[in-house]
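The values are calculated or read from the model by the stated rules, or taken from the named source; none is laboratory data. Since this is a predicted model, take the numbers as computed values, not measurements. For neighbour counting, all protein chains shown are included, and Cβ atoms are generated from backbone atoms with ideal geometry for every residue, glycine included.
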């Protein structure tokens, strides 16, 4: 709404006068918006580092000790690109090659000595990071992979594919140990139980989470979603499956709303963003207490999962975020877009976030 002193100039007067009035109104509006922005305790001005790549980024991950950031490229390109970075200095450590197609997913082993990647060239590759990074194993797949995850002890790695199969490989030998049919469509995400005896799987749009025996491949239990909280009919922008102390927990994002589904308890909670922006990427802290969600405006929102409160929001990029990763200590977030750059943001004055990452 325009101030009363400006409105008469707009309704009557010369074009020059009207233009001057609009300029004054615009300046007032910008000033008011900046005051509101500064007064909001949720917004944090972060320090910034920009990494330049030759490919767009599909997936990212920090090593468990936070020493490295791995970026997997090829979201828009036919050939993938895998790079290791020093996230503190913002410098490239290594470029790992050998791909014939784009890279779909990436994961560090719990000890940080192995890096796993899955590609549309139908391979699972294990990289040894102990000395000079090198390719340790190439495991051939019979279908396009969807997700990759390490067991808690680091001895197994699970790969889901669009032929509905789940494959478990030995990380020492690279041999296929077990394969079974999860009996659901593609886009299956996974999570190992704390004792590695079970593997939880959820497939796109399915109203249940399955638990599988990791030694036999037999389904042990099906955890249905409560009937009064159905899955949305529309497509999800992003999703991930984790195993919390309460059991398998699924996070799905759809147009500004995030569902947190604790499958064992049958509890579904909804976290509402300030607007209904497209939510293109999610990342979970290593202790499972903080969820980061990025939207189409380049904003990154951090949520306290336990009490469902939004901790803060930062400007991650100037374009939609397509990939997201949180550093293990909670000091930094990495976000990527389509313009072949990764932006590293350091959290400043975010005490609530630091306390959650430190386990308080």
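Points worth noting:
- Segment 163-193, residues that are over 21 Å from residue 239 (Cα atoms) and surrounded by fewer than 17 Cβ atoms within 10 Å (Cβ to Cβ): 170, 172, 173, 174, 175, 176, 177, 179, 181
- Pick from segment 51-77, criterion surrounded by 20 or more Cβ atoms within 10 Å (Cβ to Cβ) and outside any strand (DSSP E or B), ranking: modelled with the lowest pLDDT: 75
- Qualifying residue in segment 241-253 (condition: in a loop (DSSP other than H, G, I, E, B) and within 20 Å of the chain's Cα centre (by Cα)): no
- Cβ-Cβ distances below 6 Å connect the following pairs, each with a first residue in segment 144-173 that is touching a residue at least 60 places away in the same chain (Cβ under 8 Å), a second residue that is assigned to a loop (DSSP other than H, G, I, E, B), and a separation of six or more residues or different chains: 151/196; 171/155.
- Per this entry, residue 48 is counted among residues that are under 22 Å from the mean Cα position of the chain (by Cα), at pLDDT below 85, assigned by TED's automatic domain parsing to the domain that holds residue 313 and not in a helix (DSSP H, G or I).
- Reported count of residues in segment 150-162, each being at pLDDT 95 or above and surrounded by fewer than 19 Cβ atoms within 10 Å (Cβ to Cβ), is 4.
Listed here are the residues, each with its yes/no results for (1) more than 26 Å from residue 74 (Cβ to Cβ); (2) surrounded by fewer than 22 Cβ atoms within 10 Å (Cβ to Cβ); (3) modelled with pLDDT under 90; (4) under 14 Å from the mean Cα position of the chain (by Cα).
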| site | (1), (2), (3), (4) |
| --- | --- |
| 274 | yes, yes, yes, no |
| 280 | no, yes, yes, yes |
| 285 | yes, yes, no, yes |
| 301 | yes, no, no, yes |
| 305 | yes, no, no, no |
| 318 | no, yes, yes, no |
| 355 | yes, yes, yes, no |
| 359 | yes, yes, yes, no |
